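Worksheet: one structure, shown below.
Every number in this text was worked out from the coordinates using simple rules, so none of it is lab data. None of these values were measured; they are calculated from a predicted model. Every residue, glycine as well, gets a Cβ built from its backbone with ideal geometry; the counts of neighbours run over all protein chains shown.
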Amino acid sequence: MAQTEVSGLFQWLKFGTAAADTGTGVVDGGDLRLNPNLRSRFGIGGQQTRKGGVVDGGGAASFYITNTNVTLAQALLRASYPRGAITELELEGGADEWAIDYSTCPLVSGRIYQPRDDAFRADVVWGSQTPAAGSGSSAIAEGAVGIDDYEWTCEFEEDEYGILDFAIDINNNVTFGRSKDTVAASSKRLSNYYIYGVENLSVQMTCGRPLPIGTLGTIADELATDLGALFTGVGPDYTATLTLTNLAQSDFGHSWVDNNSQVLWTYTFTGDGQNGSLDFDWAETA
């Protein structure tokens, strides 16, 4: 049956390491990408030739983190630092009678965050060496619950500062390429390798009370590069523990607000790409 017009009710996304067979829970953003990278060449006399370039395949997903999909968020982190392996995933998504199958997918970048008035979330962006047409399917039912903002305790340097939200951004600096090695006839326009560089990690926090300038070392002769934070979310079934180390302050903001709005302090920190700055633990709630 050919794909007919449908609503988002019929969309789905699955992932896994050996096969895309695990549900992604509540997905409320993102897209699927398959760019043929058309190459147009113009010459004198108005002459033109056109051919396809190296295919750019990948996608993005924004979802609420639960026990169903937590390993998708954790795949943003490499096995060790600075050169540890990045987990290769299989992802497939689409509508009921149509899909794109993405194979050999590292997570290029993403965000792990806890917004105000919402639950624990992640955004991930992946690229694929071997995208292909998939077959239709449907979403796997979500049977788990996440961790809401009121279930978190957030500390910075072992003290609490009325933290209202936090976000951890990770960029793995992944680049896909196509060498002139021999490949199968059906794969000539697909990437046959990818490389990744150092991890770039940054942390943003919004605080209701200011962090001490002396602790941050903002204007000291030596800027502190060993700052730490501990974010612990205790849900009904699972507990998330985000341990951040080796942080250095990289930005600060404090805006004037009207007489009826809360005064806020916003901070940005940069992680340590050589030794790593984030440990993301997920365990059953005791």
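One chain, two ends: Asn200 and Thr182. Fully extended at 0.36 nm per residue, the span grows by 3.1 nm beyond their Cα-Cα distance.
Each part gets one Cα centre, and for the stretch 114-135 versus the stretch 233-261 those centres are 22 Å apart.
Each peptide in 119-125, 194-200 gets a packing score, the mean of other Cβ atoms within 10 Å over its residues, and the list from highest to lowest is 119-125, 194-200.
Recomputing log10 I(q)/I(0) by the Debye sum over Cα atoms at q = 0.06, 0.08, 0.12 Å⁻¹ from the coordinates shown identifies the correct label among [x] -0.19, -0.34, -0.76; [y] -0.42, -0.63, -0.99; [z] -0.25, -0.43, -0.86 as [z].
Shape analysis of the stretch 2-100 places it in the oblate category; the axes a ≥ b ≥ c from the Cα gyration tensor give an a/c of at least 1.5, with a/b not above b/c.
Summarising the overall dimensions of the stretch 158-286 from its C-alpha atoms, the Rg and Dmax are 20.4, 68 angstrom. Taking 7 Å steps out from each Cα toward its Cβ at Asn275 and Val234 produces label points 3.0 nm apart.
The share of Cα pairs per 5 Å bin across the stretch 103-171, counted from zero up to the longest distance, runs 3, 12, 15, 15, 18, 14, 9, 6, 4, 2, 0 percent. Exposure proxy shown here: for Thr4, Thr17, the number of other Cβ atoms within 10 Å sets the order, fewest to most, as Thr4, Thr17.
For every helix of n ≥ 4 consecutive DSSP H residues, a contribution of -39,500 (n - 2.57) applies; sum these over the chain, divide by its total residues, and give [θ] at 222 nm rounded to the nearest 500 deg cm²/dmol. Rounded to the nearest 500, the figure is -500 deg cm²/dmol. Excluding same-chain neighbours fewer than eight residues apart, the lysines reachable from Lys188 by a Cα-Cα span under 17 Å are Lys51, Lys180.
Taking a virtual spin label 7 Å from the Cα of Val263 along the C-beta vector, which residues in the stretch 161-205 bring their backbone nitrogen under 17 Å of it? The answer is 161-164, whose backbone nitrogens lie closer than 17 Å to the label point.
By the beta-carbon count within 10 Å of each Cβ, the least crowded to most crowded order of Thr87, Thr68, fewest first, is Thr87, Thr68. Between Ala167, Ala139, Ala19, the GNM of the chain built on Cα springs shorter than 10 angstrom shows Ala19 fluctuating the most. Charged side chains reduced to their Cβ positions (Lys and Arg at +1, Asp and Glu at -1) give the chain a dipole of some 2120 debye around its Cα centre. Extension gain for Ile44-Ala2 works out to 10.8 nm (0.36 nm per residue, less the C-alpha to C-alpha distance). Between the listed residues Ala60, Leu216, Thr182, the Cα displaced farthest toward the positive end of the dipole of the chain, a dipole computed from Cβ unit charges relative to the Cα centre, is found at Thr182. Cβ-Cβ distance of Leu9 and Asn67, R₀ of 30 Å, FRET efficiency by 1/(1 + (r/R0)^6): the value works out to about 0.80. The residues Phe156, Phe176, Phe252, Phe10, when put in order of fewest to most other Cβ atoms within 10 Å, stand as Phe252, Phe10, Phe176, Phe156.
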